[in-house]
Amino acid sequence: MITGDKVETAICIGISAGLKAPTQDIFVIKEMTDPYSLKNKLNEFSMKTNTVLIIDGTSLAVALHEFSSFFYSVATEAPAVICCRVSPTQKAIVTKGVK
């Protein structure tokens, strides 16, 4: 799911829409601007199973700029990904990248 909503609102919508099952955990990546720290967080997420990824626009911008192929490989393994606080341009880039 890609939305401009706040993280908390996006999580509620994702749960209501059935993107997150009751048995799944949530992993939030929020306001990360340091590429090294962000890559470590993505590595940490990649070790988890049955976990929904939540990433905000700030962190997404760094991920797409610094290591987009790694981001997509990690994100596509998740049962669901919620991108929140994203710009219209980021929505287009993510949509194109997933295709």
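The values are calculated or read from the model by the stated rules, or taken from the named source; none is laboratory data. On a predicted model such as this, the values are computed, not experimentally measured, just so you know. Every residue, glycine as well, gets a Cβ built from its backbone with ideal geometry; the counts of neighbours run over all protein chains shown. Areas reflect the complete protein model, heavy atoms only, side chains present, ligands, DNA and RNA absent. Shrake-Rupley method; radii C 1.70, N 1.55, O 1.52, S 1.80 Å.
Rounded, prolate or oblate for region 55-99? Axes are the square roots of the Cα gyration tensor eigenvalues, ordered a ≥ b ≥ c, and the cut-off for rounded is a/c under 1.5. Don't jump to the answer; show the numbers that get you there.
Details: a/c = 1.36, a/b = 1.25, b/c = 1.09.
Rounded shape, in that the Cα axes give a/c under 1.5.
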For Val52, residues with placed amide H under 5 Å, excluding near neighbours: Asp25, Ile26, Phe27
Assigned charges on the beta-carbon of Lys, Arg, Asp, Glu; the chain dipole about Cα centre (debye): 240
Relative contact order %, region 34-92, counting alpha carbon pairs below 8 Å whose residues are six or more apart: 45
Heavy-atom accessible surface of the chain: percent carbon and sulfur, 1.4 Å: 54
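Give the ranking of Glu77, Glu66 by solvent-accessible surface, highest area first, calculated with a 1.4 Å probe.
Values: Glu77 150, Glu66 95 Å².
Correct descending sequence by accessible area is Glu77, Glu66.
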Inter-probe distance in nm under a simple model that places probes 7 Å from Cα toward Cβ, at Glu8 and Gln24: 2.2
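Report, in listed order, any pair from Lys6/Lys91; Lys6/Lys30; Lys39/Lys96 with a Cα-Cα distance greater than 18 Å.
Lys39/Lys96
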Residue among Ala80, Ala63, Ala17 with the largest mean-square fluctuation in a Gaussian network model of the chain, springs linking Cα atoms under 10 Å: Ala17
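Please give the length that would be gained between Glu66 and Lys91 if that part of the chain were fully extended, namely 0.36 nm times their separation in residues minus their C-alpha to C-alpha distance (nm, one decimal). Walk me through the intermediate numbers first.
Details: separation 25, 0.36 × 25 = 9.00 nm, distance 1.72 nm.
The span from Glu66 to Lys91 would gain 7.3 nm if fully extended.
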Listed residues Lys20, Lys39, Lys48, most fluctuating in the chain (Gaussian network, C-alpha, under 10 Å): Lys48
Accessible area per residue in Å² at 1.4 Å probe, computed on the chain: 56
Anisotropy class of region 1-87 from Cα gyration tensor, a/c 1.5 cut: oblate
